[in-house]
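The structure under discussion appears below in the form of structure tokens.
The values are calculated or read from the model by the stated rules, or taken from the named source; none is laboratory data. None of the values given here were measured: they were computed from a predicted structure. All Cβ positions, even for glycine, are placed from backbone atoms using ideal geometry, and neighbour counts span all protein chains on display.
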There are 2 protein chains.
Amino acid sequence: MITNKAVLKDRLLAKGIKPTYQRTAILGFLLDNRTHPTIKSLHNSLVKTIPTLSKTTLYSTLELFAAKGLVAPLTIDRSEVRYDGLASSHHHFLCERCGRIIDVDVSCANSRRGEIGGHRIKEVHGYFKGICKDCLKQTYKTNKRRIFHG
Amino acid sequence: MITNKAVLKDRLLAKGIKPTYQRTAILGFLLDNRTHPTIKSLHNSLVKTIPTLSKTTLYSTLELFAAKGLVAPLTIDRSEVRYDGLASSHHHFLCERCGRIIDVDVSCANSRRGEIGGHRIKEVHGYFKGICKDCLKQTYKTNKRRIFHG
DNA sequence: GCCTTATTTGTAATCATTACAAATTGGATT
DNA sequence: AATCCAATTTGTAATGATTACAAATAAGGC
Ligand SMILES: [Mn+2]
Ligand SMILES: [Mn+2]
Ligand SMILES: [Zn+2]
Ligand SMILES: [Zn+2]
């Protein structure tokens, strides 16, 4: 756990959430790992430290965190919800090669204005899909190697 | 059916899809109704004209249409995929009061550039959440009435 | 009409999420 | 430190969208 335990406790208490062992560990993992994990992968990771941890606890805890604005649920995957420890609005990039979901910094003029086409904006959700920087490099290397070796 | 049957046939043939009765009806509905319906609501609507229509056909047909770029699946709802008869990239507005998903016209500088933070963009997905123009009007009326009647 | 193949249909399996009740925990009170 | 109480956690079962699959049906060429 990189994030200080006292910091986690304070963040939870600031939202009126009792800082239990499970909750602290879940929030800590999300702040340390900016991978936008699914419930399944969260469980796989956290069960190593908390062998009794149930998926039900993950579901209810993340629902609570989301309601309090501590985390943001992402609906990018068709099949599973992903959770983001960075709750402030930002955009994402889904790499169709490596599957990673990466934070991107986008300033959206429409969202700044607070309305679009007469509709009042409360939330902005955006993501791009394509090939990430690292996978592009990989392609380049692969091509070079292929060319080099014949 | 507003959209001409011959037009539908041509659109399907242009993508190399055999224009069956079911496929023509499904595409026609999506072009006539820009409501971004779910499988369930598509079935409810279309079963009136095609009583034997199965949900399996809807799933497989829409998967085929999406693969050919005839329709766009939207992952805005957490629980159900919605389908858009307008396949060219555009943004949406989800009204948290009436639940409608409305097309909005947004020009995104990042998407025009084709890359963001070094990542190569292939698709752009964006939606806003808030209160739509019509529901805002409704709120106003309600407030006025309340003020007026004491 | 008959044959072949694509499409459609019904049914069953899968899997994430939700519902729910029992077990456990942690803190307050005695 | 034992007891009590409410909140939290846990395990299990239900739900519901999606997928898998095989049988029924339809369409097109002969
Ligand atoms: Mn993020
Ligand atoms: Mn649309
Ligand atoms: Zn990648
Ligand atoms: Zn509305």
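Values for this structure:
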quantity: Among residues of the stretch A:66-85, those that are away from chain B (no Cβ under 11 Å), surrounded by 18 or more Cβ atoms within 10 Å (Cβ to Cβ) and in contact with a Lys or Arg (Cβ under 7 Å, 6 or more places away or on another chain), counted; calculated: 2
quantity: Residue ID - farthest from B:S79 (Cα to Cα), chosen from residues in the stretch B:16-66 that are in a loop (DSSP other than H, G, I, E, B) and in contact (Cβ under 8 Å) with a residue 40 or more places away in the chain; calculated: B:G16
quantity: Flag for B:L12 being touching a Pro at 6+ places or on another chain (Cβ under 8 Å) and either not small (G, A, S) or not in a helix (DSSP H, G or I) (or both); calculated: yes
quantity: Checking B:G126 against (1) more than 16 Å from ligand 1 (Cβ to nearest atom); (2) under 27 Å from A:C132 (Cα atoms); (3) buried (at least 17 other Cβ atoms within 10 Å of the Cβ), the condition it does not meet; calculated: (1)
quantity: When residues of the stretch B:67-103 are limited to those that are basic (K, R) and outside any strand (DSSP E or B), the one nearest to ligand 1 (Cβ to nearest atom); calculated: B:R78
quantity: Filter result (outside any loop (DSSP other than H, G, I, E, B) and facing chain B (nearest Cβ under 9 Å)) within the stretch A:104-119; calculated: A:V104, A:A109, A:N110, A:S111, A:E115, A:I116, A:H119
quantity: Criterion: of a type outside the set (S, T, N, Q) and in contact with a helix residue (DSSP H, G or I) (Cβ under 8 Å, 6 or more places away or on another chain) - qualifying residue of A:G130, A:G117; calculated: A:G117
quantity: Filter result for B:P37 (within 16 Å of ligand 2 (Cβ to nearest atom) and either of a type in the set (K, R) or crowded, with 19+ Cβ neighbours inside 10 Å (or both)); calculated: yes
quantity: Members of the stretch B:1-24 found to be more than 15 Å from B:E63 (Cβ to Cβ) and in contact with a Ser or Thr (Cβ under 6 Å, 6 or more places away or on another chain), listed by number; calculated: B:L8
quantity: Selection from the stretch A:96-110 of residues that are farther than 18 Å from B:R112 by Cα and either surrounded by 19 or more Cβ atoms within 10 Å (Cβ to Cβ) or in the same structural domain as A:H36 (by TED's automatic domain parsing) (or both); calculated: A:I101, A:I102
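Residue by residue, here is whether (1) more than 16 Å from ligand 3 (Cβ to nearest atom); (2) within 12 Å of another protein chain (Cβ to nearest Cβ) holds:
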| site | (1), (2) |
| --- | --- |
| A:T35 | no, no |
| A:T38 | yes, no |
| A:P51 | yes, no |
| A:L58 | yes, no |
| A:L64 | yes, no |
| A:A87 | yes, no |
| A:L94 | no, yes |
| A:I121 | yes, yes |
